[in-house]
Amino acid sequence: MRAVAAIARVSLQGALRSRLVVAMLGLLLLTVVVLPATIRGDGTLAGYTQVQIRYGLGAAGMILTVMTLWAAAAAVSLDVETRRVQTVVTKPVGPFTLWLGKWLGLCVMNAVLLAACGAVVFAMFLWKTREGPWDPDEARDFREHVRVARIPVSPDLAHLDRRIAEEEEAIRRDPEAPVDVRDARAVREVARQRAVARELFVAPDSEKSWRFEPPRRIRTDRPLVLRFRLAAARMSMEPVEGAFRVQAGPQTTDLIPVAAPPNRTTTLTLPPLSLAPGQPVTVTFVNRDQPAVFSAGEGLRLGVYETSFAVNYGRALLMMYVRLVFIAALGVTAGALFSFPVAAFVTGCLVFFVAMTAFVRTTPDAAHSHGGPPPEASPWEAFANRVAGAIHPVFVPLTDPDYLEMVSTGESVTWGLALRSLGFKIGVYGGLLALGATAVLRRRELGEARA
Amino acid sequence: MTDSPAPSASSPVIRAEGLEKTFRDFWKRPKVRAVRGIGFEVRPGEVFGLLGPNGSGKSTTIKMILGLLHPTAGSLSVLGQPPRDVAVKRRLGYLPEESYLYPYLTAEETLHFYGKLFDLSPQDRRTRVDQLLDMVGLTQARHRHVGEFSKGMARRIGLAQALINDPDLVILDEPTSGLDPLGGRQVKDVILALARRGKTVLVSSHLLADMEDVCDRIAILFNGQIQATGPIGSLLEQSDQIQIRFPRPAEDRLAAVLAELKRAAGGDPEVRQPRMNLEQFFLDTVARARESATEVSGAAPDGKLARFLEHTAKEPE
């Protein structure tokens, strides 16, 4: 371990003495302080939170990503090119020790820079959202809806399986089916979307109920919130009038009237209910107006208090950090394989592929969603789709939800999410990268600089 | 430091047989045959020199011994093990042909860094670093960054890092290159001191005078092949001639002696006025100048061999 620590320390000393860390710290602090001031928000506390955390911290994250990519690609490759590695590997230093030392140096550097950025953003957030200058109602809503960490619970749709099967059958029989009926996955997805849409549709002057199952470990002393979003009817943008009723065991709330504009998320704080752990909650919508359909996905969600904003913010920083140290592992490994510019390019491409993974897979689906049969794919498109489909499972575990968006809207970045990210990016993929780099360094001739 | 089995007194520290190295281009086509089937042995406790002009294959051979390059053919063992064995590296010290050190570290940090790679305890490290800095005359420059060093100072710190682990086998690639005569003399003294204490030294150079001063045996490489090898004394000996030195006699006496020698040996004897070796003259001059100087900048060339190298040195196993 002494050798690993020594290599990590030398990497850090290099970064410090080349003034990389100081320059980056200055740039990052400038970004998180100045950038939010240049963005015109909507003047609300929630809007400010979005600007400060999502854009300010997000921009800092992008700068850190570029810096990490650059520094990681240089870590081993420049040592090889300048032949400094020759005085290291002729000591009792195995390839894994070298890789680990270089990687840990970058981990420490990122920890320092990200902690500094995170602390400044958090301090600015606390100062700006302090009690006093804001309208008391807005401040109360902000405390309940944004400055918290709530776990979103979607309605239990397990009973839809039969309906999905029926929809699948209907799609296969339909000569105008919007998907290629030979593609079972696509048929299943469209059938699921249709079944969910039917489930979330409420006819005029009728009511519909949905069952929610909150997590077993929740804080029962904090009120639940209901977040919903109605899809716009084709002909009308008028608010939909109706009322919600919530039931948990023998307790039932009064009807809570709402007039919700379409395509806009509305958040309701529900009256206090004493929830027992594991107790389901039933939400009923009484529609007194035009036909209403809740948006699929995030159209109807119960928000259950999980923890404080500060803890949630810390977990988002942890996810950001895990992402950076994964990029560091990728860069150090690429540097063991290639010369510096090639390593930087390869690392950049892989980071880009990971970021684009979700987009690559949703594009073909989105193309079919406008109705009618899908256009015939060209051979190139078919090949590209096949390649995208093949690499998709490799990159998917590396993709993250938009955790900065989650924090800035009061949604919980759960420990499960953070630990999953940690496990995949460091435990699984980091380990594989370390093994790959070790094998390469063991075989590679380090006695000559590679041009 | 006996992680790998030590060779017996008779077994060589380095054994190369039919060693070849061919560098290839990107398409794996042979580009340069740097080493062509060489074989040699380095025995415990000897100073072995690899001599040759630039491009003769000295550095390539050394890098194969260090595991930095893979032989294309042939076999190679170092301290009885394959060269890339990590345990071998615990007993090995290496000074590369250029000082490939981290320029942003100070001299002291550099030695501590390499000491940590050998897992030396902090106390051992401090002691060795102090003694080595003193030995190479860089105590005054211990807090200066290596990147600011002159070539000679960088060679000195390079030599110090090669000895931080008190190695059993020291490999020095062009150790006196870039050093002034004082530094060169000092490096040669270190090599001789190491050899006296049973260490094995493999040294490569094209500076023939330096090699003559320190090597027990040499191998001369040219075009990747060994052209001559053996003990330096027997290689340089001219057995059909002798040299006699004595105080200058009077001219008539000298003429009489020469006439007698001519009669006895049957040829014309050559008479020369002996001259002092330029290196020795330079060293004496600088020594006199230093006695009258109060302060010097750069490397101080009067360091003694690091004490830990004296105390812990072992007899050849």
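The values are calculated or read from the model by the stated rules, or taken from the named source; none is laboratory data. Predicted, not measured: the structure shown is a model, and the values here were computed from it. Cβ placement follows ideal geometry from the backbone for every residue including glycine, while neighbour counts extend to all protein chains displayed. When the accessible area is computed, the model is the full protein with side chains, heavy atoms only, and any ligands, DNA or RNA have been set aside. Shrake-Rupley method; radii C 1.70, N 1.55, O 1.52, S 1.80 Å.
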- Query: Using alpha carbons only, how many degrees (0 to 90, rounded to 10) separate the axis of helix A:2-17 from the longest principal axis of chain A?
  - Reply: 80 degrees
- the range A:1-110: trypsin sites (Lys or Arg not before Pro) falling in loop per DSSP and having at most 14 other Cβ within 10 Å: A:R19, A:R40
- Message: If I model the range A:150-307 as equal point scatterers sitting on the Cα atoms and use the Debye formula, what is log10 I(q)/I(0) at q = 0.13, 0.19 Å⁻¹?
- Response: -0.67, -1.17
- Task: Using a 10 angstrom cutoff on alpha carbons, build the Gaussian network for chain B and name the most mobile of B:S239, B:S205, B:S56.
- Result: B:S239
- Would you list which aspartates and glutamates come within 15 Å of B:K151, measuring only between C-alpha atoms, while excluding same-chain residues fewer than 8 positions from it? B:E97, B:E98, B:D173, B:E174, B:D180
- For chain B, dividing by residue count, accessible area per residue (probe 1.4 Å) in Å² works out to 51 Å²
- Note on the structure: Plugging the Cβ-Cβ distance of B:R144 and A:R2 into 1/(1 + (r/R0)^6) at R0 = 22 Å yields, to the nearest 0.05, a FRET efficiency of 0.30
- Which of the aspartates and glutamates could a cross-linker bridge to B:K28, judged by Cα under 20 Å and excluding same-chain residues fewer than eight apart? A:E445, A:E448, B:E20
- Message: Output the 0 to 90 degree angle, nearest 10, between the alpha-carbon long axis of helix B:278-292 and the longest principal axis computed from the alpha carbons of chain B.
- Response: 70 degrees
- Protein accessible surface hidden between B and A, which excludes ligands and nucleic acids, total in Å², probe 1.4 Å: 2900 Å²
- Percent of Cα pairs exceeding the 20 Å cut-off, where the set is the range A:1-159: 62 percent
- Task: Give me the Kirkwood hydrodynamic radius of chain A, using the inverse of the mean 1/r over all pairs of distinct Cα atoms, in Å to one decimal.
- Result: 25.2 Å
- Whole-percent carbon and sulfur share, accessible surface of the range A:98-141, 1.4 Å: 69 percent
- Task: State the dimensionless ratio Rg/Rh of chain B (Rg: radius of gyration of Cα atoms; Rh: Kirkwood radius).
- Result: 1.04
- Item | For q = 0.06, 0.07, 0.09, 0.10 Å⁻¹, Debye-computed log10 I/I(0) when each Cα of the protein assembly as shown counts as one equal scatterer | -0.58, -0.71, -0.95, -1.06
- Would you please give the FRET efficiency between A:D205 and A:R420, computed as 1/(1 + (r/R0)^6) with r the Cβ-Cβ distance and R0 = 30 Å, to the nearest 0.05? 0.10
